[in-house]
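What follows is one structure encoded as structure tokens, with my remarks underneath.
The values are calculated or read from the model by the stated rules, or taken from the named source; none is laboratory data. Computed from a prediction, not measured in an experiment: that's the story for all the values here. When we count neighbours, we look across all protein chains shown, and the Cβ atoms used for this are built from the backbone with ideal geometry, even at glycine. All accessible areas refer to the heavy atoms of the entire protein, side chains included, with ligands and DNA or RNA removed. Shrake-Rupley method; radii C 1.70, N 1.55, O 1.52, S 1.80 Å.
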Amino acid sequence: MIPPRQAITATQETSMTSPRTMAGADARAAARIAAPRWALVAVALGAILSSAHAASLPGSPDPLVPTGRWSANSDGSAPVPPMGWNSWNAFNSDVDEEKVLASAQALVDTKLATLGYRYVNIDDGWWLKRRQPDGRMMIRTSHFPSARTGANPSFRPLTDRLHAMGLKAGIYSDIGRNSCGQIYTPDFKNQPEGSVAEREVGLYGHVDEDIRLYFAEWNFDFIKVDGCGARGLAADAPRVRSGLYRALPPLVDMQSLAASDVAGIRRLYAAVGTALRTHAGQRPYVYSLCLWGAGDVRTWGKDVGNMSRTSDDIQPSWARMLTNLDTVTHRALYAHPGSWNDPDMLFVGTGDFDAAHPVEARAHFALWAMLNAPLIIGYDLRKLTPDQLAIFGNADIVALNQDAAGNQAVLAYDSDDAQIFVKTLADGSKGVAVVNRTAQPVKAVLTAAQLKMTAQGDVRLRDLWSKTERTFRGETALTLAPHETLVFRATGTHRLAGGVYLSEQPGRVNPAVDGIARPTPDPTIHRSITPWTGTRGPGDHPQYGGWGGAEADRAPYGAPIRIAGTAFDTGIGVLANARLEVRNQGSARFTARVGVNDSAPSRAGKVVFEIWGDGRLLARSKPMAFGDAAAPIEARVAGVGIVELVARGDAEGMASPAIWADAALLR
Ligand code: GLA
């Protein structure tokens, strides 16, 4: 069982409702307010900008002006979601070399490594202290004996060994001065030792020297950068008042965006990215952001790192797995080769996903694979049973996750009870997951339309667990056991001859600007009981502010697409004042029908839709109002690398749900 994260009692920290809520009143007051958002500028601009050439006020960069560039992160090396193993879920901070090497050896012996599980990542617990006065990070050599390399302990022997096994090595740090363990779980093993300065093991103030040490000297390939140090050390925190740690005015507040310094925390994470570019040299690396959806990371994580956590920690419980799943469900357009959504590591093997719960274990694994989550095993692989190996080692399901097209599955059907996810693969076939979230059996119907296939042709479904095949036309009825997720690979005749719908290619669409002026938490996220608070306090309130962003096959806020009474089952929905970047891979034409969705909160305002190609305006709609029938728009995009789709609202229309219905790239 995981020790509770609640390590500070209410009497010690009276302002705390959860151990994750460290910022007291003074800290909140001290925290800076987020920088003014561009949207405010856009209100002023919206009224002015109706000419063909988007312009900006002098000194006010207009984020809707096309750049002809792909702006999501493509540094580092994560063309497909990273796979591997991490020590945290299995061992917490009680990590040592023997456990790490045993897990690495198990990856090799089981052939999971050849399937792609290559990263062997050491999480919290490896550090001893920061040596004074030179600041060099010291390793807990009692736990990592191969690091005893003289005056300057080094992880190089361990990373050399992992590399010789054909694996890659990952390390862990924090963006602040102190670690999650120090701040939230001081009863955990292997806490840093020594003076205040020696216990400052995080990157804050040491970014360049630490990244150089970890990548240039110790040869790591992966770093996870946690965020607790930038959150839990307000001046009035008991541990600061007692002199244990130095205060660091919190940059993120899990409960409050207004009390978070979004620009400040982004700057810190971006600086680590810069150091990685410098010190990893030509070697490929992965930069993993761990900010749990706080600090409005949903808007910028994809631009800064290779993977970005969307939620607080997963736990080995069905309910918590659903919580973490839900934080990525509506975010297919925010995941691309080089920048993945991370709903946290796998808990297959433990608790509700242990050997006695194969249905739940398979569901958790299949969903992570379909949603393009990094597949990072969090289990003590020395205990792996053949049945569990068959889960991690299901090559057909791993192939869904590692598919080169990099399309996160899109939500095709949604309810609290059942969901259907569809993922378009590089060869045009589909991965399909039909999910029963409940503890009762569920009857589900899967349709050819949900797969964007013709109802007249045969659709072949291959069950990726049982390897059985079946064929249907139009639709097929399925019965799901409690908590069961059926996973198929589907082939059939695509409904659109000579092209693909844009919503089938989320890996190629980047919402560079998604029109959200005021981020709000996603109300569809399952609110589970967390082990660290139980039912104390008012209840869990997921902070991941992704709600209202760009969506595939839906309007913003998850609404169905319907324009002036006409329903569309495909398209991209986004709030007005948005700019989508689309990688064009050889298509000749882009077509869509544009309009304001019937889910708009008011009839006010107009939206102009523009298609740009490599920075040149190609087509532009008339101003579209609520209730106007969807208007066709198209452009020749042959030879264009980056197509940009701009939906610009006037003052009243800036928050209108702007729809690129039936959006398609045609040969
Ligand atoms: C945070 C992270 C976890 C893990 C722990 C280590 O809670 O979210 O994934 O790294 O810190 O203390």
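Do we find that SER179 is small (Gly, Ala, Ser) and open to solvent by 10 Å² or more (accessible area, probe 1.4 Å) in this structure? In short, no. Listed conditions (1) at pLDDT 50 or above; (2) in contact with an Asp or Glu (Cβ under 7 Å, 6 or more places away or on another chain); (3) away from the ligand (no atom under 16 Å from the Cβ) are all met by ALA27, apart from (1). Only residues in the stretch 69-89 that are under 13 Å from ALA335 (Cα atoms) count as the first member; pair them with residues that are buried (at least 24 other Cβ atoms within 10 Å of the Cβ) and of a type in the set (Lys, Arg), Cβ under 7 angstrom, at least 6 apart or cross-chain, and list the lot. Taking only residues 6 or more apart or on different chains, the pairs are ALA72/LYS302; ASN73/LYS302. Just one of the numbered conditions (1) buried (at least 24 other Cβ atoms within 10 Å of the Cβ); (2) under 22 Å from ALA147 (Cβ atoms); (3) touching a residue at least 60 places away in the same chain (Cβ under 8 Å) is not true of GLY202: (3).
Filter the stretch 598-624 down to the residues that are in contact with a helix residue (DSSP H, G or I) (Cβ under 8 Å, 6 or more places away or on another chain) and under 23 Å from GLY558 (Cβ atoms) and list them by number. SER599, PRO601, ALA604, GLY605, VAL607 - these are the residues of the stretch 598-624 that are in contact with a helix residue (DSSP H, G or I) (Cβ under 8 Å, 6 or more places away or on another chain) and under 23 Å from GLY558 (Cβ atoms). Out of curiosity, is ALA319 over 30 Å from PRO482 (Cα atoms) and open to solvent by 20 Å² or more (accessible area, probe 1.4 Å)? So ALA319 does not fit the description; no. Residues in the stretch 338-372 that are of a type in the set (Asp, Glu) and either away from the ligand (no atom under 16 Å from the Cβ) or in contact (Cβ under 8 Å) with a residue 60 or more places away in the chain (or both): ASP352, ASP354, GLU360.
Here the strands (runs of 3 or more DSSP E) wholly within the stretch 453-555 that include at least 1 residues being open to solvent by less than 60 Å² (accessible area, probe 1.4 Å) and more than 20 Å from GLY406 (Cβ to Cβ) are 459-463, 469-472, 475-480, 485-491, 509-514. Being open to solvent by 10 Å² or more (accessible area, probe 1.4 Å), without any contact (Cβ under 8 Å) to a residue 24 or more places away in the chain and outside any loop (DSSP other than H, G, I, E, B) holds for only one residue in ALA390, ALA412, and it is ALA390.
Out of the residues in the stretch 643-667 meeting the condition of being open to solvent by 10 Å² or more (accessible area, probe 1.4 Å) and in contact with a Pro (Cβ under 8 Å, 6 or more places away or on another chain), tell me which one is farthest from ARG620 (Cα to Cα). Among those residues, the one meeting the criterion is ALA655.
Applying the criterion of being out of contact with any Pro (no Cβ under 6 Å at 6 or more places or on another chain) and outside any loop (DSSP other than H, G, I, E, B) to the residues of the stretch 281-295, the residue that is farthest from the ligand (Cβ to nearest atom) is TYR287. Of the residues making up the stretch 226-249, those that are within 16 Å of the ligand (Cβ to nearest atom) and crowded, with 24+ Cβ neighbours inside 10 Å are ASP226, GLY227, CYS228, GLY229, ALA230, ARG231, GLY232, LEU233. Selection of the stretch 296-310 for residues being in contact with an Asp or Glu (Cβ under 6 Å, 6 or more places away or on another chain) and either away from the ligand (no atom under 14 Å from the Cβ) or closer than 21 Å to THR350 by Cβ (or both) yields only ARG309. Scanning the stretch 80-137 for residues that are of a type in the set (S, T, N, Q), more than 19 Å from ILE391 (Cβ to Cβ) and open to solvent by less than 10 Å² (accessible area, probe 1.4 Å) yields a count of 3. Among the residues examined, VAL398 does not qualify as among the hydrophobic types (A, V, I, L, M, F, W, C), open to solvent by 40 Å² or more (accessible area, probe 1.4 Å), touching a residue at least 40 places away in the same chain (Cβ under 8 Å) and assigned to a helix (DSSP H, G or I). Taking the stretch 597-638 as the range and being surrounded by fewer than 22 Cβ atoms within 10 Å (Cβ to Cβ), within 32 Å of the chain's Cα centre (by Cα) and under 13 Å from ALA564 (Cα atoms) as the test, the residues that pass are ASP598, SER599.
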